[in-house]
Amino acid sequence: MAEPLSDTIRRAQAGDQAAIAELVAEQQRYVYSIAMTIMKDPTEAADLTQDALIRFMQAIGSYRGDTKLSTWLYRLVVNLGIDRLRRRGAPPIRLDDDANDIDVASEQPADDVAGSVERHEEALTVRAALARLPDAQRLALTLHYVDDLRYEDIAEVMGVPINTVKSHIRRGKERLAVLLRPALERQPAAGGAS
Amino acid sequence: MWAGLAGGPPAWERDLDALVSPALLTEPPAAVQQAILAAVLAAVAPMPARVAVAVPATPAYAPARMAPPASPRPLPLAAYLLVAAVLVAYVTAMSWVQGAFGGGAWLSTLFAQLLAVSELVVGRPAVGEPLTVAWLALQRAPWLLLLPIGWLLWERDRASARVA
């Protein structure tokens, strides 16, 4: 999914600024989504995203391809986020006026205002429901949904056994289905009767 | 609602996936994206590119040699100034010694000896780099600074022998 081309990685390792910019553009939505799940705040998520991407690019020269690049990056984000939550000392980066808006990634046309507002409200509803889950379930579900990671990769990112990941995702989905029942009932069924 | 379908996730789970998956993938605002990109590029810009440089291995049979006189490592300006100060002090002291004891061609003889020693120590001096050679010679043989004192003692002994 978000796995960049190996040629891009090689060029980034050689210090090619265009390749680095390409990697940042590819990865930052995933990193930011994970950071939002951990920090629960757009400003702190943006700060964590920046910190993680800087460290990632500074260390990319040591990447040898023995694990997925995205898994490596997400693990870095998670570790930095957990560490940051422990300390809570770093000053956040400044944002502009619309910094607190959450832009839902979509391939819909930009002039689809009504649909955009609806998706925005849905995103807020889903985020609010997700925020009520335990930390481990929330993180496992985010990794599962945002980049469609395999259970093995999620286990590697979180540093837990694969069965624990399966349990987190199963329980998290059941809990989310209850919390989001009104939104699910409004939504046209994707998989048949619900 | 919770009954699964054979061969795939149950309907409620597919509905949930369809609702949650696009909602969780969030992008930072455009201004934040630009700020992040600028910060990343600024952070990695000073890093030199990792270029593999092939270094020829030194043959095992190669004799150990002193560094060549024209060393590629640049010497700091302070080193030149220090050597110049030492030389000025040396020449001043030697002029005083020459005036005190009278003298012949001892200065030219001493310089010739110094050059011979420096050639032995650091190799043939490079034309146009006398201070480099002097500095390298002093680095490898700091005892050269004792030569003027040795010369002074030797002259004093010779003078006392003449008087005797």
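Any read-out appearing in this document is the output of simple, stated calculations on the displayed coordinates, not a laboratory observation. Keep in mind the model is a prediction, meaning the values are calculated, not measured. Neighbour counts run over all protein chains shown; Cβ positions are idealised from the backbone, glycine included.
With each pseudo-label sitting 7 Å past Cα toward Cβ, what's the B:Asp157-A:Ala21 distance in nm, one decimal?
Reported label-point gap for B:Asp157 and A:Ala21 is 7.7 nm.
Treat each spin label as a single point 7 Å out from the Cα along the C-beta direction, and report the A:Arg87 to A:Arg10 distance in nm.
The two pseudo-label positions are separated by 3.7 nm.
Using θ = phi - 60° and the Karplus relation 6.51 cos²θ - 1.76 cosθ + 1.60, list the HN-Hα couplings for the stretch A:53-69 in order, rounded to whole Hz, with x at every Gly or Pro.
5, 5, 5, 4, 6, 5, 9, 5, x, 8, 6, 10, x, 7, 9, 5, 4
Sum up the charges of everything whose Cβ sits under 15 Å from the Cβ of B:Met94, counting Lys and Arg as +1 and Asp and Glu as -1, but leave B:Met94 out.
0
Using a Förster distance of 45 Å, how high is the FRET efficiency between B:Ser95 and B:Arg140, based on the Cβ-Cβ distance and rounded to 0.05?
0.95
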